[in-house]
Amino acid sequence: MIALFKRLLRNPGSLVGLILLAVVLAVAVLGPLFYPNSPWRMVQRPFLAPFTIPGFPFGTDALGRDIAAGLVHGSRVSLLVGLVSTLAALAIGVPLGAAAGYAGGKIDDALMRFTEFFQTIPSFALAIVLVAILQPSIVSIVVAIALVSWPPVARLVRGEVLSLRSREYVQAAIVTGHGNGWIIWREILPNTLSPVIVLASLMVATAILLESSLSFLGLGDPNLMSWGYMVGAGRTVIRQAWWLTVFPGLAILLTVLALNLLGEGLNDALNPRLAREGR
């Protein structure tokens, strides 16, 4: 773990990603201490420009709500949705991919056809339909994003398991009488962690973008402030009050950029060939 962290720090891109992500996490965790009130609360006159009155660094929106408070509380929603939906997608995709890769034959074909069925439908369109059916809420958003995100995980794990199931240590476990579940869980899946971790970091970024897009279209949780909602609410007055969309848009951009940079850094750090070369 220490060696992995050192390799990450040697990569300029991953270092920038770690710093940006640390800032976003700090805002999400510590921000409510500075903005304890509801972000829906009207606190000043509408369309207050940024940096004109102390205490309102990013101005106010059309209803006099503090943009800074919205950014702080929105960071918690975006990160929560990104992390939980990614974990849910992994919980679906990893077992299905492992079962398909290890069993092979008709089971593999059936599970891959099931996976391809989800991949034939555009993920964003499917997410919109699912949220509309389930009614917009934080739970329905997480469920929708998880259901459209798991197929790449299943295909990745299946490919890794196919390449590992014929290795000597797997054959030795079979000869010694261990069950299939034990072999998959103890011998195969630990050796698939590296690519799965890299994919998961990118999936969190994609989930944040999906949540922001759904909120932008008015399909977000009406009880929670989110960055996508803020961008959508300010788009009609972008010429009059540019800060309503620019600041939450920058927050989305920097968070997604940080996760992508971290994902690329993890890919380099966990790549055995690059690690041997000392990169």
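What the table shows:
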| read-out | value |
| --- | --- |
| For residue 166: the one exception among (1) more than 16 Å from residue 104 (Cα to Cα); (2) out of contact with any helix residue (DSSP H, G or I) (no Cβ under 8 Å at 6 or more places or on another chain); (3) not β-branched (Val, Ile, Thr) | (1) |
| Residue 185 being closer than 30 Å to residue 5 by Cα and surrounded by fewer than 19 Cβ atoms within 10 Å (Cβ to Cβ) | yes |
| Given (1) buried (at least 21 other Cβ atoms within 10 Å of the Cβ); (2) farther than 21 Å from residue 88 by Cβ, number of the condition residue 217 does not satisfy | (1) |
| Residue satisfying all of: in region 79-97; surrounded by 24 or more Cβ atoms within 10 Å (Cβ to Cβ) and of a type in the set (A, V, I, L, M, F, W, C); nearest to the chain's Cα centre (by Cα) among these | 81 |
| So residue 87, is it at pLDDT 95 or above and either under 28 Å from residue 141 (Cα atoms) or in contact with a Lys or Arg (Cβ under 9 Å, 6 or more places away or on another chain) (or both) | yes |
| Some residue of region 170-181 being touching a residue at least 60 places away in the same chain (Cβ under 8 Å) and in a helix (DSSP H, G or I) | yes |
| Unmet requirement for residue 18, which otherwise passes all of (1) of a type outside the set (Ser, Thr, Tyr); (2) surrounded by 12 or more Cβ atoms within 10 Å (Cβ to Cβ); (3) in a loop (DSSP other than H, G, I, E, B); (4) at negative phi | (3) |
| Unmet requirement for residue 102, which otherwise passes all of (1) surrounded by 20 or more Cβ atoms within 10 Å (Cβ to Cβ); (2) closer than 19 Å to residue 191 by Cα; (3) within 26 Å of the chain's Cα centre (by Cα) | (3) |
| In region 45-78, the residues that are farther than 23 Å from residue 26 by Cβ, among the polar types (S, T, N, Q) and crowded, with 16+ Cβ neighbours inside 10 Å | 60 |
| Yes/no for residue 139 being touching a helix residue (DSSP H, G or I) at 6+ places or on another chain (Cβ under 7 Å) and assigned to a helix (DSSP H, G or I) | no |
| Given (1) charged (D, E, K, R); (2) part of a helix (DSSP H, G or I); (3) over 21 Å from residue 215 (Cα atoms), index of the condition residue 45 fails | (2) |
| Of residues in region 121-174 being more than 19 Å from the chain's Cα centre (by Cα) and of a type in the set (Val, Ile, Thr), the one surrounded by the most Cβ atoms within 10 Å (Cβ to Cβ) | 161 |
| Selection from region 19-71 of residues that are charged (D, E, K, R) and over 23 Å from residue 221 (Cβ atoms) | 45 |
| When residues of region 217-245 are limited to those that are assigned to a loop (DSSP other than H, G, I, E, B) and hydrophobic (A, V, I, L, M, F, W, C), the one nearest to residue 62 (Cα to Cα) | 241 |
| Filtered residues of region 150-169 (kept if without any contact (Cβ under 8 Å) to a residue 24 or more places away in the chain and outside any helix (DSSP H, G or I)) | 166, 167 |
| Some residue of region 95-105 being assigned to a loop (DSSP other than H, G, I, E, B), touching a Pro at 6+ places or on another chain (Cβ under 6 Å) and over 15 Å from residue 212 (Cα atoms) | no |
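The values are calculated or read from the model by the stated rules, or taken from the named source; none is laboratory data. The structure presented is a predicted model; accordingly, all values stated were derived computationally and were not measured. Cβ sites come from the backbone with ideal geometry, for glycine too, and all protein chains shown count toward neighbours.
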